[in-house]
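Rule-based calculations on the coordinates, nothing more; no lab input. All values reported here derive from a predicted model rather than from experimental measurement. All Cβ positions, glycine included, derive from the backbone under ideal geometry; neighbour counts span all protein chains shown.
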Amino acid sequence: MGFSFQLQANCNHSQARAGVFSTPHGIVETPRFMPVGTLATVKGITPRQLQDASAQMILANTYHLHLQPGEDIIAEAGGLHSFMAWDKPILTDSGGFQVFSLSELRKISEEGVIFRSPRDGNMIEITPERSIQIQNALGADVIMAFDECPPSDASQEEVAAATDRTNRWLKRCIAAHENPKTQALFGIVQGGIHLDLRSQAVEELTALDLPGYAIGGVSVGEAPELINATVQHTAPLLPVDKPRYLMGVGTYREMVQAIASGIDLFDCVIPTRFGRHGTALVQGNRINIKNAQYKRDYQPLDETCPCYACTNFTRAYLNHLVRSQEMLGYILLSLHNITELIRFTQQIRQAIFNDTFVSQFSHWIDVD
């Protein structure tokens, strides 16, 4: 099986759409939330549990896996799918965002980025070619172009320079990519909150006819209304027949608003990060399970949820586990949160088929 994207339904009152993205390791029904497995593991969750949560595609990170254990070891193990025992689709981030987060440790040039490893202090250079080489060795189904992600407080001139460099780097990524038949290379649209830069970037990237496109640089400190305005402008400009991926976004409201603009795929660390801090996502709300009100609450987190946590344990038990700092509590909350966000996008998908998306989810978004 190669790569294809088939549209199945469109919302008559927004840009929302439902489709199927086919990859060599299976399909992804869109719109879809993708759990983040930075180091070839979704924190605290086994691959079998991910399948039970209806995960169809997960993420791993090029930068982190390059540092530990190294792409050579993963390649020797048969690639990421074999290494982590996950036989469904995988997407790898290029490492661009992680390099952005190391602003005090890095130096950017036209060639690439040189930075000091936070692990051992050694100097490391990642170029577009090196990022693709690492991702080719990792063997993910979808790989991302190496990009420069400017901070939210950058000037328009700085954002324009970073966007232009990202577009030049993309061409080098394409030239370096050795496995186009088994790994789909997605380009990343940068441009900050400047809509003219976003439009220009889309025009340049789509001319290269890539298998898919991502919108990057929208979860780096901007106000929510600016993120929404940027996505509303950018998403409809992307090709109708290619998957559209909004990077690093995963709250209820952000996903609904982005889907209304035509986005198909999302990823975010929120489910497991919240789980590790005792927070559960329940039907659009956040619950701090450590609160005293749950000590004697013998109901499940969500009686409608099919996850292992909700079908076997009570809020009182989860309260006890988290207050006792027992690992199981964090695992159960993480599992539930992942299931919750995947179910949420599944519900949106069904609503698009029923053409009830806007009426069902109007409390999350205002659609003209």
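Miscellaneous remarks
- For the chain, the longest principal axis of the alpha carbon atoms and the long axis of helix 327-354 meet at an angle near 70°.
- Look at the alpha carbon pairs under 8 Å that are at least 6 residues apart: their mean separation over the length of region 269-362 gives a relative contact order of 32 percent.
- Think of the chain as having a plus end and a minus end, set by charges on the Cβ of Lys, Arg, Asp and Glu; of 66, 236, 15, 66 sits farthest toward the positive end of this dipole.
- Lys, Arg +1 and Asp, Glu -1 on Cβ, resulting dipole of region 13-266 about Cα centre, debye, nearest 20: 500 debye
- Under 5 Å from the amide H of residue 189 lie the amide H atoms of 214, 215, 216, each residue being 5 or more positions distant or on a separate chain, with H modelled from the backbone and absent for Pro and chain starts.
- 20 Å binning of all Cα-Cα separations within the chain, expressed as whole percents from 0 upward: 30, 59, 11, 0
- Percentage relative contact order, the chain, counting C-alpha pairs under 8 Å, at least six apart: 18 percent
- For region 270-278, the Karplus equation 6.51 cos²θ - 1.76 cosθ + 1.60, evaluated at θ = phi - 60°, returns couplings of 3, x, 7, 5, 4, x, 6, 10, x Hz by residue, with Gly and Pro reported as x.
- Percent of beta bridges antiparallel (DSSP, region 67-206, rounded to nearest 5): 60 percent
- Residue 269 sits among other residues whose Cβ lies under 11 Å from its own Cβ, and their net charge, with Lys and Arg +1 and Asp and Glu -1, is +2.
- In degrees, nearest ten, helix 128-138 long axis to first principal axis of the chain (Cα): 50 degrees
- Listed peptides 181-192, 137-148 by packing density, highest first (mean Cβ within 10 Å): 137-148, 181-192
- A cut-off of 5 Å between modelled amide H atoms, ignoring neighbours fewer than 5 places along the same chain, links residue 60 with 37, 91, 92, 93.
- Nearest-ten-degree value, helix 195-206 long axis tilted from longest Cα axis of the chain: 70 degrees
- Expressed as a whole percent, the proportion of Cα-Cα pairs in region 269-362 lying more than 19 Å apart is 39%.
- DSSP beta bridges confined to region 184-331 are antiparallel in about 30 percent of cases.
- Under 17 Å from the Cα of residue 242 - aspartates and glutamates, other chains or at least 8 residues apart: 29, 141, 203, 204, 209, 264
- Taking a sphere under 12 Å around the Cβ of residue 160 and counting the other residues whose Cβ falls inside, with K and R at +1 and D and E at -1, yields a net charge of -3.
- Counting DSSP beta bridges with both ends in the chain, the antiparallel % (nearest 5): 50 percent
- Between region 241-296 and region 320-368, the C-alpha centres lie 6 angstrom from each other.
- Three-way shape label, region 1-109, alpha-carbon gyration tensor, a/c 1.5: oblate
- 27 Å Cα-Cα reach of residue 43 towards lysines, excluding residues that sit fewer than 8 places from it in its own chain: 88, 290, 295
- Neighbour-count order for 13, 336, fewest beta carbons within 10 angstrom listed first: 13, 336
- Relative exposure of 21, 266, 5, judged by other C-beta atoms within 10 Å (fewest first): 5, 266, 21
- For residue 108, the shell of other residues with beta-carbons less than 12 Å away shows a net charge of -3, using +1 for Lys and Arg and -1 for Asp and Glu.
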